[in-house]
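The values are calculated or read from the model by the stated rules, or taken from the named source; none is laboratory data. What you are looking at is a predicted structure, and each value in this text was computed from that prediction instead of being measured. FYI the Cβ positions are ideal-geometry reconstructions off the backbone, even for glycines, and counts take in every protein chain you see.
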Amino acid sequence: MQVKKISLRDKIKTLIFSIFLICLLSFFSYAVDLNKKSQRFLEMLFSFPSELINAAFENVREYENNRIFELENRIMILESDIYEKNLEILALENKRNFTNDTITRFNNVEAYVSGFDQGNYVCCRKHRIYVSTDVDNIDTSKAISQGSFVVGRSGATVFDEVEVRLVSDPEEFISIKNSLGFFCIAQGTAVPQEISCDNESKTSKYAVGDTFFTTGFDGIYPEGQIVGRLHKVTENEGPNFKQSLYIKLFFNPYNSMNKQLVIHE
């Protein structure tokens, strides 16, 4: 069999084609490698500002959270200041001073409201708050006040907290008077911020809007503390004259959390 000889021209064509193919493959390989490098470069290029943006965002968020925390604390302080100022104004309106002098006149213990039985206060007959104090073994049946304002009386100590029975509790009685000389023994009505008493004398003087104070006759509450304001008078049916007086208490347990109270010894 004869071997076909490849002409010089064909050899040159084959060589040129091979060189072209090698160059083409090298170009594709370079292009692919360049594309990968370009992608990596772009990733690095865009990741840098992204990291800056994320860091800036975290700094802004942390700053805003701190600002919110500071503002919330300032609001709480302002609300507490406003609450105390309102009590001062209310006491002055009723010709009594809401100052530390009211506290230091008695042997007493400072305490703070640490709990409020809101469920029973709204629906039921058990009206209680709880106070914390640094003094151990607080006796029962001690008057509790907030400055010049009557709160209730101390009860049992429960888990280092003193239970306080509010004067709106139906088991609580308090001797009160107005500035016109009318006296009565009031009882809690189980209605939030309300007590009531009866009057059977037509000569007694009182009117809606009168402020009532403690008489001191019950042996529990110091004389002259502010109790509340007469907001309703009803006529009872029957042959004999009898009116029921309803006094709205000034002390509001909803606004009392963490506020200072006084236990009168």
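Side notes on the structure shown:
- In this structure, Gln225 does not satisfy being in the same structural domain as Gly152 (by TED's automatic domain parsing), more than 14 Å from Phe182 (Cα to Cα) and under 27 Å from the mean Cα position of the chain (by Cα).
- In the stretch 227-242, of all residues being in contact with a Lys or Arg (Cβ under 9 Å, 6 or more places away or on another chain) and more than 24 Å from Tyr130 (Cα to Cα), the one that is surrounded by the fewest Cβ atoms within 10 Å (Cβ to Cβ) corresponds to Glu235.
- The criterion of being out of contact with any His (no Cβ under 9 Å at 6 or more places or on another chain) and either closer than 15 Å to Pro253 by Cα or modelled with pLDDT of 90 or more (or both) does not hold for Glu172.
- The stretch 170-187 - residue that is among the small types (Gly, Ala, Ser) and more than 22 Å from His127 (Cα to Cα) and, of those, surrounded by the fewest Cβ atoms within 10 Å (Cβ to Cβ): Gly181
- Subset of the stretch 122-153 (residues that are of a type in the set (Val, Ile, Thr) and in a strand (DSSP E or B)): Ile129, Val131, Ile144, Val150, Val151
- Screening the candidates Val208, Val191 for the property of being within 23 Å of Val131 (Cα to Cα), surrounded by fewer than 18 Cβ atoms within 10 Å (Cβ to Cβ) and not aromatic (Phe, Trp, Tyr) yields one hit, Val191.
- Elements of type strands (runs of 3 or more DSSP E) contained in the stretch 165-210, each with 2 or more residues being charged (D, E, K, R) and assigned by TED's automatic domain parsing to the domain that holds Val122: 194-199
- If the condition is being at negative phi and either surrounded by 14 or more Cβ atoms within 10 Å (Cβ to Cβ) or in contact with a Lys or Arg (Cβ under 8 Å, 6 or more places away or on another chain) (or both), then the stretch 211-226 contributes Thr211, Phe212, Phe213, Thr214, Thr215, Phe217, Asp218, Ile220, Tyr221, Pro222, Gln225, Ile226.
- The listed residue being closer than 14 Å to Val262 by Cβ and touching a residue at least 40 places away in the same chain (Cβ under 8 Å), out of Lys126, Lys142: Lys142
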